[in-house]
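These notes concern the structure reproduced below.
Nothing in this text is a laboratory measurement; each read-out follows from the coordinates by a stated rule. Note that the structure is predicted; figures quoted are calculated from it, not measured. All Cβ positions, glycine included, derive from the backbone under ideal geometry; neighbour counts span all protein chains shown.
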């Protein structure tokens, strides 16, 4: 079971990278460069508030799973 947790830790870290890339290239930067005020506000919210929370949370969760903090030996 600990091996599965380590593999899923890698999956979470890779998912954090994919979500970060998608959020910046598909949702953040195009909204900032569209020229509309409502798109500019949405792009700022995506880039500076949501992306660090989402990507950072997934990456930290994956790191803890990869390092074995969720194993039964640690409890």
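Brief remarks on what is shown
- Among (1) 11.6, 39; (2) 16.2, 54; (3) 13.0, 41, the entry derived from the coordinates for Rg and Dmax of the Cα atoms in Å: (2)
- Taking 1, 51 and counting other C-beta atoms within 10 Å, the order from fewest to most: 1, 51
- Annotation: the residues 63, 21, sorted from fewest to most other C-beta atoms within 10 Å of their own C-beta, follow the order 21, 63.
- Using alpha-carbon coordinates, inclination of helix 2-22 to the longest axis of the chain, degrees: 10
- Distance between the pseudo-spin-label points of residue 10 and residue 71 (7 Å out from Cα toward the beta carbon): 1.6 nm.
- Degrees between helix 51-67 axis and first principal axis of the chain (Cα, 0 to 90, nearest 10): 10
- This ranking places 72, 31, 36, 5 by how few other beta-carbon atoms lie within 10 Å of each, fewest first, which gives 72, 36, 5, 31.
- Estimated purely from DSSP H runs of n ≥ 4, each contributing -39500 (n - 2.57), the mean residue ellipticity at 222 nm for the chain is -21500 deg cm²/dmol once divided by its residues.
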